[in-house]
Amino acid sequence: MHDTPDHPPVLTPRPILDHDLDRIALFFQTHLNPNLSLAAWKNAFCQPWLEDAPNHGFMFLDQERVVGAFGALYSEQIIRGQKERFCNPNSWIVLKPYRHQSLNLFQALLEQKGFHFSTLTSNKSVTRICQFKQFKFMNNQMIVIPNLPLPVALKSKVIIDRQEAISLLPSDSALDYRRHRVFPWLGQVALGQSGSYCHVVFKRKKWKRMPAVVLLHISDPEMFLRHYPALGRYLLWHYGVTTIHIPARFLPSAPAGSFTMVDTQPRMFLSDRLTERDFTFLYTEVVALDLTL
């Protein structure tokens with residue numbers, strides 16, 4: 001047990017480095033989400049998505065005891081042919097006596113230059129702070145496609161074999177696929193036709209007590225719109241999935257026969273040149289921590 005100071009000292013944000021991850025995992029499990037194992041917490045922040053990632057977020061130490069932390073996932077992604085660097089802040093908790101200093105952790109993250117930022121699972125308080133920090137809201141509409149046993153064009157294919165899918169996808173998408181093979185809760189397929197495929201990543205869930213999937217990433221929206229009935233048929237026949245849920249920002253238009261619903265979880269981003277369409281869930285805590293959408 002540690003005594004809680006009546007007058008806590010002013011703390012300086014310190015970067016979370018590799019050797020800090022064990023105690024940070026314990027801190028997050030103890031104070032944020034005990035349903036996730038220590039291994040799950042640690043592994044989430046160990047992903048090799050950015051070779052020269054500066055840290056895993058920032059923390060507060062009071063005499064070497066962790067009293068606050070704001071985790072971050074970093075990645076390099078190819079956006080319209082250009083390498084872009086992303087920071088996904090998540091998992092923010094500061095013990096009550098030190099909570100008045102919490103914003104310093106967020107500010108330390110935002111002061112890092114050269115990154116595009118996203119926050120995808122924030123609560124109301126964090127959302128208000130993000131608004132103050134000039135984050136923009138993403139489209140909150142979710143497109144729902146009912147899966148019906150309709151005929152599908154013979155040319156449309158769903159490639160589920162890992163090695164075959166990787167060999168058929170463009171190099172950038174093949175890298176995305178390989179990086180995410182470690183997550184058993186993800187489904188990944190190559191969707192398209194001979195000579196031209198896009199990468200689709202999804203998670204299974206329940207909607208109205210029925211099997212459903214939510215798409216976390218679509219590498220080529222136009223190609224997806226041409227071939228999505230094949231994916232729907234595959235999911236219906238193999239998993240009994242009755243609906244496909246897609247963030248509206250992923251697609252240029254809603255497919256015929258679909259309808260929309262509101263995503264009540266605020267999704268926000270901060271960037272000087274990217275748009276909301278450039279932010280998927282692929283390199284975020286939604287994937288790394290297996291969070292529900």
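The values are calculated or read from the model by the stated rules, or taken from the named source; none is laboratory data. Predicted, not measured: the structure shown is a model, and the values here were computed from it. Here the Cβ positions follow ideal geometry from the backbone for every residue, glycine too, while neighbour counts run over all protein chains shown. We work out accessible area using only protein heavy atoms, side chains counted, and drop any ligands, DNA or RNA first. Shrake-Rupley method; radii C 1.70, N 1.55, O 1.52, S 1.80 Å.
Tabulated data for the structure shown
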quantity: Test: residue in the stretch 85-104 that is small (Gly, Ala, Ser) and part of a helix (DSSP H, G or I); calculated: no
quantity: Filtered residues of the stretch 108-123 (kept if over 24 Å from Leu175 (Cα atoms), touching a residue at least 40 places away in the same chain (Cβ under 8 Å) and not hydroxyl-bearing (Ser, Thr, Tyr)); calculated: Ala108, Leu109, Leu110, Gln112
quantity: Options Phe281, Phe224; residue that is assigned to a helix (DSSP H, G or I), touching a residue at least 12 places away in the same chain (Cβ under 8 Å), within 21 Å of the chain's Cα centre (by Cα) and under 22 Å from His180 (Cβ atoms); calculated: Phe224
quantity: Count of the stretch 198-213 residues which are within 12 Å of the chain's Cα centre (by Cα) and among the hydrophobic types (A, V, I, L, M, F, W, C); calculated: 2
quantity: Which numbered condition Leu154 fails, given (1) touching a helix residue (DSSP H, G or I) at 6+ places or on another chain (Cβ under 9 Å); (2) open to solvent by 60 Å² or more (accessible area, probe 1.4 Å); (3) closer than 30 Å to Gly192 by Cα; calculated: (1)
quantity: Test: residue in the stretch 97-104 that is over 30 Å from His7 (Cβ atoms) and small (Gly, Ala, Ser); calculated: no
quantity: Of all residues in the stretch 233-272 being over 22 Å from Phe106 (Cβ atoms) and basic (Lys, Arg), the one that is surrounded by the fewest Cβ atoms within 10 Å (Cβ to Cβ); calculated: Arg233
quantity: Test set (1) under 30 Å from Phe115 (Cβ atoms); (2) part of a loop (DSSP other than H, G, I, E, B); (3) of a type outside the set (Gly, Ala, Ser) - Pro255 fails condition number; calculated: (1)
quantity: Pro48, sole failed condition from (1) part of a loop (DSSP other than H, G, I, E, B); (2) farther than 25 Å from Thr292 by Cα; (3) out of contact with any helix residue (DSSP H, G or I) (no Cβ under 7 Å at 6 or more places or on another chain); calculated: (2)
quantity: The stretch 130-140, subset open to solvent by less than 60 Å² (accessible area, probe 1.4 Å) and in contact with a Ser or Thr (Cβ under 8 Å, 6 or more places away or on another chain), residue farthest from Met268 (Cα to Cα); calculated: Cys130
quantity: The one condition in (1) under 27 Å from Gly114 (Cα atoms); (2) in contact (Cβ under 8 Å) with a residue 24 or more places away in the chain; (3) of a type in the set (Gly, Ala, Ser) that Ala53 fails to fulfil; calculated: (2)
quantity: For Met210: the one exception among (1) more than 16 Å from Val241 (Cα to Cα); (2) in contact (Cβ under 8 Å) with a residue 12 or more places away in the chain; (3) among the aliphatic types (A, V, I, L, M); calculated: (1)
quantity: Cβ pairs under 7 Å, 6+ apart, first in the stretch 84-102 and on the phi > 0 side of the Ramachandran plot, second surrounded by 19 or more Cβ atoms within 10 Å (Cβ to Cβ) and part of a strand (DSSP E or B); calculated: Ser91/Gly71
